[in-house]
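The values are calculated or read from the model by the stated rules, or taken from the named source; none is laboratory data. Please read all numbers here as calculations on a predicted model, not as lab measurements. Here the Cβ positions follow ideal geometry from the backbone for every residue, glycine too, while neighbour counts run over all protein chains shown.
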Amino acid sequence: DSTGSADSADPAAAVRRERILEDVAALRASFDAGTTRSIPARLAQLAALQKGLRAERGRLTKALAQDLGKSRLESAITELGVVSEEISYVSKHLKSWLRPEKFSMGLLLAPATGELQREPLGTTLIIAPWNYPVNLTLAPVVAAIAGGNTVLLKPSEVAPATSSAIAYLVATHLDPEWVRVVEGGVEETTLLLEQRFDLIFYTGNATVGRIVARAAAEHLTPTVLELGGKSPVFVDDGADLAVAARRIVWGKFTNAGQTCIAPDYLMATPRTIERLVPQLRKAVRAMYGTRPERARDYGRMVNRKHFDRVRALIDDDRAIIGGTGTADRRNRYLPPTILTGVDWDDPVMDEEIFGPVLPILAVSGADEAIARIREREKPLTAYVFTSHRTIEERFATQTSSGSLAIGLTLAHIGTPSLPFGGVGESGMGAYHGRAGLETFTHAKPVARKPLTPDTLKLVYPPYKGAKKAL
Ligand code: NAD
């Protein structure tokens, strides 16, 4: 095959390939041996991960600062804290979630009992992104372990320091019978995707999402795709603009806008825009000061390629905050930037921005905002700031998105009690808390009927009573 012929030209690639195949085989063997089935063993692995997170806090925090300029506190809140909370929550509830759910088998089959058992899927593949490279890499691992699976984990090569810190954490604190890390990029991922897994959990962009889905089809492997999209924000007339501005600015500029659920673009009526802009300015200043390049809590673009891509979306004539003036390619710094007077066919409205640029578009009201959302692909999240229940209801029922957040941004995905996932172009499947356990298990109905008395006799042919019944 093509990978084989490449190997003969590159002996190092052949060794890497061999190692990956060994990892997959070892994980499959340990799953088959039943290593991951017992609930106490799952809880012990989760506890080991919790301990590893604590022990490697310094290493992870340093790596996140290197890759994304994340401050220690931001990393604690949006990365390590989220995973730690997820572990505690899942560990606390795991036993009760795994208790078989009983259900009735109906009169016709009586006496009989039915129950739903959650069985592990097997050996799973988790392919992670670079933007929250601890959170989005380890939170799915929590769900996989809870479900009783073995895991082949592929962190993103785009955040190399964190990828290596995660590999260290897993090798040092977790059991290689449960979880193994393969570091690398397209070559390694392509090879992994040729192997047979029992679930593929991919987080990243929709282009690679399609590559994953195509590869998975070959083995009929179920896939979870956690993708992105342009998450809209609508600020209604009459909403509390000072609070809305703070929440939008925080949601947009955290991690320098490199957040899958960051508000991508903002819609409001012209009169609300006029009153909102000074509040947005004030919020940016309060959070990042007048020189955000010096702010401790303001991140950096992950690399120069992404810096160039996002910088090109900034039209300085429309920048009412930020702009390219202070942009610094060497340090991958782009200031918090807000653009007004943006048109629907401007380049900034083509694709997910994934950087610190917030375009504001004028609409005539909620009707137009809803229509605009509906004419685009389904986003990962939609945001509404309003003081009217009817407007909330209309967004809930008339727009479709992975989730809808009313009066807040980002924070809703930090709670393990809510499922997190997309719909349509923003993805399929969900995780966090119980949803994660459900994703990483098969809900197997187990039906039981005593052999005596043989009440099934009534349904064996010849069907004497059938004519009457019909
Ligand atoms: P990325 O570039 O790190 O890619 C994700 C993974 O795909 C990596 O592990 C990478 O090695 C692998 N990959 C890249 N090219 C490949 C190829 N040709 N074949 C096989 N594998 C390949 O991350 P990204 O896609 O740049 O991340 C940004 C996107 O992810 C945004 O669209 C964002 O909205 C989305 N995202 C979604 C979520 C979510 O939870 N739904 C979270 C974060 C990011």
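Being over 25 Å from THR36 (Cα atoms) and of a type in the set (A, V, I, L, M) is the requirement here; does VAL235 meet it? Before you say what the answer is, go through the steps one by one.
Numbers: over 25 Å from THR36 (Cα atoms): yes; of a type in the set (A, V, I, L, M): yes.
In short, yes.
Against the definition (at pLDDT 95 or above, over 14 Å from ILE20 (Cβ atoms) and within 11 Å of the ligand (Cβ to nearest atom)), how does GLY148 come out, yes or no?
Working: at pLDDT 95 or above: yes; over 14 Å from ILE20 (Cβ atoms): yes; within 11 Å of the ligand (Cβ to nearest atom): no.
Judged against the criteria, GLY148 is not a match.
Of the residues making up segment 162-191, those that are surrounded by fewer than 22 Cβ atoms within 10 Å (Cβ to Cβ), of a type outside the set (S, T, N, Q) and within 14 Å of the ligand (Cβ to nearest atom) are ALA167, VAL182, GLU183, GLY184, GLY185, VAL186, GLU187, GLU188, LEU191.
Screening ARG210 against (1) away from the ligand (no atom under 14 Å from the Cβ); (2) under 20 Å from the mean Cα position of the chain (by Cα); (3) not hydroxyl-bearing (Ser, Thr, Tyr) leaves a single unmet condition, (1). Scanning segment 213-262 for residues that are within 16 Å of the ligand (Cβ to nearest atom), farther than 28 Å from ASP308 by Cα and among the aliphatic types (A, V, I, L, M) gives ALA213, ALA215, ALA216, ALA217, VAL224.
Of the residues LEU64, LEU49, the single one that is modelled with pLDDT of 95 or more, over 18 Å from THR172 (Cα atoms) and crowded, with 20+ Cβ neighbours inside 10 Å is LEU64. Within 9 Å of the ligand (Cβ to nearest atom), of a type in the set (Asp, Glu), touching a residue at least 24 places away in the same chain (Cβ under 8 Å) and not in a loop (DSSP other than H, G, I, E, B), is that true of GLU157? In short, no.
Tell me yes or no: at least one residue of segment 381-391 is modelled with pLDDT under 95 and either in contact with an Asp or Glu (Cβ under 8 Å, 6 or more places away or on another chain) or farther than 30 Å from GLY147 by Cα (or both). No, the conditions are met nowhere in segment 381-391.
Here is a check on your reading of the model: is ALA76 surrounded by 20 or more Cβ atoms within 10 Å (Cβ to Cβ), small (Gly, Ala, Ser) and in contact with a helix residue (DSSP H, G or I) (Cβ under 9 Å, 6 or more places away or on another chain)? When the stated conditions are applied, ALA76 does not pass them. For segment 171-191, a residue qualifies if it is outside any loop (DSSP other than H, G, I, E, B), over 15 Å from ARG19 (Cα atoms) and in contact (Cβ under 8 Å) with a residue 24 or more places away in the chain, and the qualifying residues are THR172, HIS173.
Looking only at segment 296-321, count how many residues are at pLDDT 95 or above and within 29 Å of PRO160 (Cα to Cα). Let's see the steps before the verdict.
Residues of segment 296-321 at pLDDT 95 or above: 298-321.
When the remaining residues are screened for being within 29 Å of PRO160 (Cα to Cα), the result is 298-314.
Total satisfying the criteria: 17.
In segment 320-357, what count of residues is obtained for those that are farther than 16 Å from GLY257 by Cα and either of a type in the set (A, V, I, L, M, F, W, C) or touching a Leu at 6+ places or on another chain (Cβ under 7 Å) (or both)? The number of residues fulfilling the criteria is 4. Within segment 437-455, take every residue that is touching a residue at least 40 places away in the same chain (Cβ under 8 Å) and aliphatic (A, V, I, L, M) and give me the one that is farthest from LEU152 (Cα to Cα). Ranking the candidates gives ALA447 first. One residue stands out in segment 113-140 among those that are of a type in the set (A, V, I, L, M) and away from the ligand (no atom under 14 Å from the Cβ): the one that is surrounded by the fewest Cβ atoms within 10 Å (Cβ to Cβ), namely LEU116. Note on segment 216-323: enclosed strands (runs of 3 or more DSSP E) holding 1 or more residues that are surrounded by 22 or more Cβ atoms within 10 Å (Cβ to Cβ) and within 25 Å of the chain's Cα centre (by Cα) are 223-226, 231-235, 263-268. Scanning segment 192-201 finds no residues that are part of a helix (DSSP H, G or I), in contact (Cβ under 8 Å) with a residue 24 or more places away in the chain and in contact with a Phe, Trp or Tyr (Cβ under 6 Å, 6 or more places away or on another chain).
Residue selection: SER84 satisfies the criterion of being polar (S, T, N, Q) and over 28 Å from PHE307 (Cα atoms).
For segment 335-368, residues that are crowded, with 17+ Cβ neighbours inside 10 Å, more than 16 Å from the ligand (Cβ to nearest atom) and outside any strand (DSSP E or B) total 6.
Checking the structure you have, find out if any residue of segment 427-444 is within 16 Å of the ligand (Cβ to nearest atom), of a type in the set (Val, Ile, Thr) and out of contact with any Ser or Thr (no Cβ under 9 Å at 6 or more places or on another chain).
Just the residues of segment 427-444 that are within 16 Å of the ligand (Cβ to nearest atom), to begin with: 427-433, 435-436, 439-440.
After this cut, where a residue has to be of a type in the set (Val, Ile, Thr) as well, the list is 439.
Filter once more, keeping what is out of contact with any Ser or Thr (no Cβ under 9 Å at 6 or more places or on another chain): 439.
Within segment 427-444, one or more residues are within 16 Å of the ligand (Cβ to nearest atom), of a type in the set (Val, Ile, Thr) and out of contact with any Ser or Thr (no Cβ under 9 Å at 6 or more places or on another chain).
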